[in-house]
């Protein structure tokens, strides 16, 4: 008998293949003490979809998921082996392609690894048959295990719930660690989108992966760019890359995706070649609101010098991103003060141009000089100073401040000279600054003796914050015009290096889901999206471990 038992152990080491036990314990009777127990006495390595012999499943030959095996690498370093090893986890399946790309569904996924011998610190495979609780398409989806716990008993016990057979201390809790259930081989495809020509006649082209499936879920991405036949430095990492193009440029972009084993798809997708067209001509002119006070503004914007032989579409937006539908899209009238954006498309060629124009009210006789903001760090105050070269029937100035440029509030008042043909200098000190810091916006509301008024230009100043200990993440600058954007970890004590998932939500498009452990890379990806998005209010949800925070961002 001892000889037969030894032979059985040797066969187990050689093949590592087991059938899942018919009777599985209920997870409700399993506890892990301490809750974050993560002993090196038992470790889990990679997890793969395989056949019954432990051979990897090929991406192009997905199995019948009603008869599926997984192979787990494990390490058991001390004691007398592990009896009745039981894995408690959550199976998450993420869609990589189509309209539902980025969506995730999940279910409890518990399975037995049976009795496992010692490995003396080495990783050994064990293959078991499992029942997947969810349908899975290995060519279009990624499967991973999260919230993983392993439980075991002592050798000789029957490994059932209750009593001392599953003692709370004989367990390992992987916490925020995840294990992608890998398949052999992978594929990917990519596409591109050209944004509108800006007023400097340059356009931004975004190249992006449309799907990535298979592999081990840990991909290295390299973008290769040729501009007019000249190879540019490669761009590493990121699911997309943006290229600034000039009229008549020839842009060729290819992408190479490798998994952590250095494997790549063969053959690789062909490069995308774009020949940049010459943008059409148009003149967009804004006129100020003269001689009228709200609520009867008469600002206007006109489009002229269009080619009469061409047909165009026009999309207008106000500074909050709201759509405007004028009767004549080439001649907007009755406009209030603010900035207006136009997206204009040549319906024959598909070429798109973008314009931005500001309507300013200027109907009172005040000439400003030397408007400036200065942050005094020693007093934690902002000094707002200005001068007037001329004043006529001026009553006073109201100082207004905004955390968001569209929501100004009065914070103080300064009396004016009334009548003056000489330079007058004023100063206002704002000492009641918000604790969170960031960009503050200031303007003057100059009020005449008859009640008429006008606004000065808007100035901004950045102040340091006095962060709350409850805040783990922040974005800055906020508001942003898209030129700069950063996601920053404020309290490193509350983040342990786990994967971060960022969901960018806007009122006009589908949520964008990003994930990774490289905060700088995530920040760059969000910046690329925000910089090309329309103006408006966005919600950024940051999740890590079992925690999440929400941050509102205004793009102006």
The residue that is surrounded by the most Cβ atoms within 10 Å (Cβ to Cβ), considering only those in region 312-348 that are out of contact with any strand residue (DSSP E or B) (no Cβ under 8 Å at 6 or more places or on another chain) and under 17 Å from residue 300 (Cα atoms), is 328
The condition from (1) within 30 Å of the chain's Cα centre (by Cα); (2) surrounded by fewer than 14 Cβ atoms within 10 Å (Cβ to Cβ); (3) modelled with pLDDT of 80 or more that residue 449 misses is numbered (1)
Within region 109-129, the count of residues that are within 16 Å of residue 84 (Cβ to Cβ) and in contact with a strand residue (DSSP E or B) (Cβ under 6 Å, 6 or more places away or on another chain) comes to 10
For region 58-87, the count of residues that are part of a loop (DSSP other than H, G, I, E, B) and buried (at least 16 other Cβ atoms within 10 Å of the Cβ) equals 4
Okay, strands (runs of 3 or more DSSP E) sitting entirely in region 458-556 with 2 or more residues that are over 16 Å from the mean Cα position of the chain (by Cα) and touching a residue at least 12 places away in the same chain (Cβ under 8 Å), I get 459-463
Scanning region 385-410 residue by residue, those surrounded by 16 or more Cβ atoms within 10 Å (Cβ to Cβ), under 36 Å from the mean Cα position of the chain (by Cα) and modelled with pLDDT of 90 or more turn out to be 400, 401
Quiz item: Going by the conditions given, is residue 248 more than 19 Å from residue 518 (Cβ to Cβ) and either at pLDDT below 90 or in the same structural domain as residue 344 (by the TED database) (or both)?
Solution: yes
Of the residues in region 520-532, those that are at pLDDT below 85 and buried (at least 16 other Cβ atoms within 10 Å of the Cβ) number 0
Wholly inside region 128-235, strands (runs of 3 or more DSSP E) that include 2 or more residues that are under 27 Å from residue 529 (Cα atoms) and modelled with pLDDT of 80 or more are 141-153, 186-197, 203-214, 219-227
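The values are calculated or read from the model by the stated rules, or taken from the named source; none is laboratory data. Remember, it's a predicted structure, so these values are computed and weren't measured experimentally. Reconstructed Cβ throughout: ideal geometry from the backbone, glycine too, with neighbour counts over all protein chains shown.
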